[in-house]
Amino acid sequence: MIGLIATTASGRGAAQRLALAWPDTRRYEGSAAQSLPRAFAECDAVVCFLAVGATVRLVAPLLASKHSDPGVVCVDEALRYAVPVAGAHGGGANELARRVTLVLGGEAVITTASDAAGCVALDEFGADLGFAVEPGSDLAAVGAAVLSGERVTLTGATGWPLPALPPNVVRAAAPEDGVAAIVVSDDATVTAGGRRVVYRPPSLVVGLGASRGVTATEAGDLIGRALGGAGLSPRSVRQAATVDLKAGEEGLLTAVRARNWPLTFYSAAELAAIPVPNPSETVRAAVGTPSVAEAAALLAAQAGPLVVTKQASARATVAVARVRPRGRLAVVGIGPGARDLITPRAVAELRRASVVVGLDQYVDQVADLLRPGTTVLSSGLGREQERAATAVAQADEGRAVALVGSGDAGVYAMASPALEQADGTIDVTGVPGVTAALAAAALLGAPLGHDHAMISLSDLHTPWAAIERRITAVAQADLVACFYNPASRERTWQLGRALSILAASRPPDTPVGWVRDASRAAETVSIAALADFDPGLADMRTLVIVGSSRSKVVAGRMVTPREYRWAGTP
Ligand code: SAH
């Protein structure tokens, strides 16, 4: 029983909505000072449409033990927040707050440690991969078990790039008696219910062939028999496929449409190239490919194994193939350092991952954003190739991997070594980040207002002669130059050399801006004339921007004018 305490019109309206949505509520009206103690004694949990402070004062004298007290959730007058104030886990208040937001909208304000980064809500688990929750799944009980830290088994998820689940969810070959279970399976004989949640992954492709005039009933019956006979769940069918010659075969189309499956058409030539167990010369003579159903299933499943070989009725054929899930690699730039310069999309990708790979100092920077249970594979400076290989290998195994880099992960960072190694069997997502040049430019003023070049002065992997050629080209083209990796303990002369090349063709008062630790606690921002700048001031945490001949300092800010014509010059 869930007690609903409301004292205002807004609270009573919201309580009414919860009462309509939930079968087990009891409403308390009148003064909260009287009704809250009653609800606390009579109910398993209480939702108070009251300020947190007022609720705390009323509840404090009633608290006995976190193992037996009812959970208490406060909802503010504007219904923006549902705040569990007591009994987060044992009293079910965290879960109750989430349920409140499902009905009333707003946000659950979860403050308990194990949930600080938020566990995946089970009703959304795998949703972006196309997982469907099998009806009868006990989302509430298993969700509560996951949140309470109880042992929960996870079966059949291998190969699916799912987000992290907390460490109390352990992989197991099969569900165990009496233990809450999460099962990923296209096996129709695996049923939901009884502290079990079953997800149907989009793992099956149905290949179809037909002779002219097949009815929807015949095709549908054959599909049903093929799936049923093999014990496969129709909910796991991600698509159907056939030959393009059947694009007008109404019965076939109707049967597929009735199941809401996307239908892909292949040419006879594409299908003929797929080796199949049951080719037919008669079919080849008629259609131009020795197999339609088996070949279409295999092709759409990207060569996954056939799980149902060709079955035929008078005018239809069907075969079913299983898809090999694809791993997922997100290459995520986390910005220059400040928390509010990481993009929301980067945060979402970090929370989407089950494995995070990166340089230890960058991974530390975002550790609090990761979901509990995320595997962190971090390593020290100079191990880029190894990190890239690790990230790709993890994705190849079907995991959801986030490879993090500072700034933008594609700028002098991890994206290239990773994507040089990754093949076409994994999905790759890039998330842009605020690169050091942009973070520094914003601090300096507007130095990048016209054409500019980024150059790394690190000659560890690039011969200095090549770097020097590029700097010379930048000098000739009068581009603003952004120097990454300007110096380190071992590399001390390169920046001086680069500046002297630019100085040969730029006025001595050309502004040079340099920013150390942009957006970090130790940030420093400076501007000097090219003739006066001391390259010894830059180190490996510094980004140096040398203006073009048009760049200037205005009110202490570095500015590169946009179009020459704007200034009125011809
Ligand atoms: N992927 C990173 C760059 C890596 S190369 C990005 O997009 O920003 C490393 C170089 O970037 C450093 O030597 C320094 O020149 C520059 N850099 C990175 N972060 C910086 C920061 N917060 N402040 C100043 N320079 C930075």
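The values are calculated or read from the model by the stated rules, or taken from the named source; none is laboratory data. Only a predicted model underlies this, so the values are computations on that prediction, with no experimental measurement involved. All Cβ positions, glycine included, derive from the backbone under ideal geometry; neighbour counts span all protein chains shown. Side chains included, ligands, DNA and RNA excluded: accessible areas come from the protein's heavy atoms. Shrake-Rupley method; radii C 1.70, N 1.55, O 1.52, S 1.80 Å.
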So, with points 7 Å from each Cα along the Cβ direction, the ALA269-THR429 label distance in nm works out to 3.6 nm
Distance from the Cα centre of the stretch 51-87 to that of the stretch 271-298, in angstrom? 66 Å
Assuming R0 = 45 Å, can you tell me the calculated FRET efficiency for the pair MET1 and SER379, based on Cβ-Cβ distance, to the nearest 0.05? 0.30
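Counting DSSP beta bridges with both partners in the chain, what percentage is antiparallel, nearest 5?
40 percent
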Describe numerically, in nm with one decimal, the distance between label points set 7 Å from Cα along Cα→Cβ at ARG489 and at ALA473. 3.4 nm
Counting trypsin sites (Lys or Arg not before Pro) as exposed when in a DSSP loop with at most 10 other beta carbons within 10 Å, what is the longest stretch of the chain free of them? 213-488
Can you give the FRET efficiency to the nearest 0.05 for ALA230 and GLU150, using r as the Cβ-Cβ distance and R₀ = 25 Å? 0.10
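What is the percent carbon and sulfur in the accessible area of the chain, measuring with a 1.4 Å probe over the protein chains and ignoring ligands?
53 percent
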The extension gain from HIS461 to THR158, computed as 0.36 nm times the residue separation minus the Cα-Cα distance, is 105.3 nm
Which residues in the stretch 478-515 place their backbone N less than 18 Å from a point set 7 Å from the Cα of SER549 along the Cα-to-Cβ direction? 478-481, 499-512
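So which chymotrypsin sites (Phe, Trp or Tyr not before Pro) in the stretch 447-538 are both in a DSSP loop and have at most 14 other Cβ atoms within 10 Å of their Cβ?
Filter output for the stretch 447-538: TRP493.
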If I take R0 = 45 Å and measure r between the Cβ atoms of THR282 and GLU124 in this structure, what FRET efficiency does the formula 1/(1 + (r/R0)^6) give, to the nearest 0.05? 0.40
Specify whether the C-alpha gyration tensor of the stretch 11-117 places it in the rounded, prolate or oblate class, a ≥ b ≥ c being the square roots of the eigenvalues: rounded for a/c under 1.5, otherwise prolate if a/b is larger than b/c and oblate if not. rounded
Computed over the chain, the relative contact order (Cα-Cα under 8 Å, seq sep at least six) in percent reads 9 percent
Provide the gained length on full extension for the span ALA247 to ASP24, in nm with one decimal, where the gain is 0.36 nm per separating residue minus the Cα-Cα distance. 75.1 nm
Name the GluC sites (Glu not before Pro) in the stretch 441-545 that are in a loop by DSSP and that have at most 15 other C-beta atoms within 10 Å, would you? GLU490
Measuring from label point to label point, each 7 Å out along Cα→Cβ, what is the ALA338 to SER416 span in nm? 2.9 nm
5 Å is the cut-off here: which amide hydrogens, built 1.01 Å from N in the peptide plane, fall below it relative to GLY304, excluding neighbours closer than 5 in sequence? ARG324
